[in-house]
Amino acid sequence: MKGFPSIGYADPAKAGQKKRAKPNHQAKLWYGKALHAAIILRDAEPDWESLIVLPDCPRYRELVAETARSVHAVGVHVILLSPDGSWFSESWSA
């Protein structure tokens, strides 16, 4: 499970400072890292399910839509979870 990047730091030592990376760009990097880890898990444990859970927000929906066919092909499931507990998974229906 990964959240969505903020514009500021969580570290109290950097309170009030803005990050150089833009949240949408950082979200793309985080998605790529999560996908890479999920694929490595599928390769190491082919009988296991590999699942990525992200907050349901427009940027992650875009990234999932862009990769849905390939993510489905490698057997990775991506869940976008809303604050109310509902979820969306385009990769399962691809």
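The values are calculated or read from the model by the stated rules, or taken from the named source; none is laboratory data. Not measured: the values here are computed from a predicted model. In this analysis, Cβ positions are derived from the backbone assuming ideal geometry, glycine residues included, and neighbour counts consider all displayed protein chains. Surface areas here come from the heavy atoms of the whole protein model, side chains and all, with no ligands, DNA or RNA. Shrake-Rupley method; radii C 1.70, N 1.55, O 1.52, S 1.80 Å.
List of remarks:
- Identity of the residue in region 14-30, among the charged types (D, E, K, R) and either farther than 17 Å from Ser70 by Cβ or touching a strand residue (DSSP E or B) at 6+ places or on another chain (Cβ under 6 Å) (or both), that ends up modelled with the highest pLDDT: Lys22
- Selection status of His25, open to solvent by 60 Å² or more (accessible area, probe 1.4 Å) and within 12 Å of the chain's Cα centre (by Cα): no
- Applying the criterion of being farther than 17 Å from Thr67 by Cα and out of contact with any helix residue (DSSP H, G or I) (no Cβ under 7 Å at 6 or more places or on another chain) to the residues of region 31-57, the residue that is surrounded by the most Cβ atoms within 10 Å (Cβ to Cβ) is Leu41.
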